[in-house]
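Engineer: The structure under discussion is supplied below as C-alpha cells; questions concerning it will follow.
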Amino acid sequence: MKRWLVGWGLGLAGVAVSLSVCAEQGTVREIVDSKNGYLYVRVDKTSSSAENAQNEWLAVNDDMTLKPGDTLSFDDGMVVSSFRSEALQRSFATLRFVMEAKVIEHKAQSK
C-alpha cells in the first residue's frame, strides 16, 4: 500500500513523497534523543546474511519506546543526504525520516 505525503514539515514545500507503510525492518543498534521531537536510530536492516546487513540512520517520533536489540518495522520515508542536526551538532551522510515505525519484537531483558 502506498501513501502520498507533501513534505511541508521539513522545509520541502510542495514536494510529493511516496511512502510504503512499514515496508522494511531492522535491528536497533543505537538511539540518540535529539530533544526536539525526533529519536535518531541506527538500525541494521534485515538481510539473509550478517555480512550483507546494512546500517542506516532513521529519524522517528520521540514518543517511541526503543532499546538496542529491538526489531523495528518502518516505512520507506524520505531519505535526506548530508543532513545536519543542529540539536546534536552532528552530520549524517544520509538520514531517513520515517512517518510510521513500530516495534515488532522487543529484545528480551536479561536477568
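Engineer: Quick one: in the stretch 37-66, of everything that is touching a strand residue (DSSP E or B) at 6+ places or on another chain (Cβ under 7 Å) and charged (D, E, K, R), which residue is modelled with the lowest pLDDT?
Structural biologist: Once the filter is applied, the top-ranked residue is Lys45.
Engineer: Just a yes or no: is a residue in the stretch 75-86 under 16 Å from Glu24 (Cβ atoms) and either hydrophobic (A, V, I, L, M, F, W, C) or assigned to a strand (DSSP E or B) (or both)?
Structural biologist: Looking through the stretch 75-86, at least one residue is under 16 Å from Glu24 (Cβ atoms) and either hydrophobic (A, V, I, L, M, F, W, C) or assigned to a strand (DSSP E or B) (or both).
Engineer: Report whether or not Asp75 is in contact with a helix residue (DSSP H, G or I) (Cβ under 9 Å, 6 or more places away or on another chain) and either modelled with pLDDT under 95 or closer than 18 Å to Val103 by Cα (or both). It would help to see each step written out before you state the result.
Structural biologist: Numbers: in contact with a helix residue (DSSP H, G or I) (Cβ under 9 Å, 6 or more places away or on another chain): no; either modelled with pLDDT under 95 or closer than 18 Å to Val103 by Cα (or both): yes.
No.
Engineer: Identify all residues within the stretch 87-108 that are surrounded by 15 or more Cβ atoms within 10 Å (Cβ to Cβ) and either part of a loop (DSSP other than H, G, I, E, B) or touching a Phe, Trp or Tyr at 6+ places or on another chain (Cβ under 9 Å) (or both); write none if there are none.
Structural biologist: Leu88, Phe92, Leu95, Arg96, Phe97, Val98, Met99, Glu100, Ala101
The values are calculated or read from the model by the stated rules, or taken from the named source; none is laboratory data. Keep in mind it's a predicted model, so treat the numbers as computed, not measured. Using ideal geometry, Cβ is built from the backbone for each residue, glycine included, and neighbour counts are taken over all protein chains shown.
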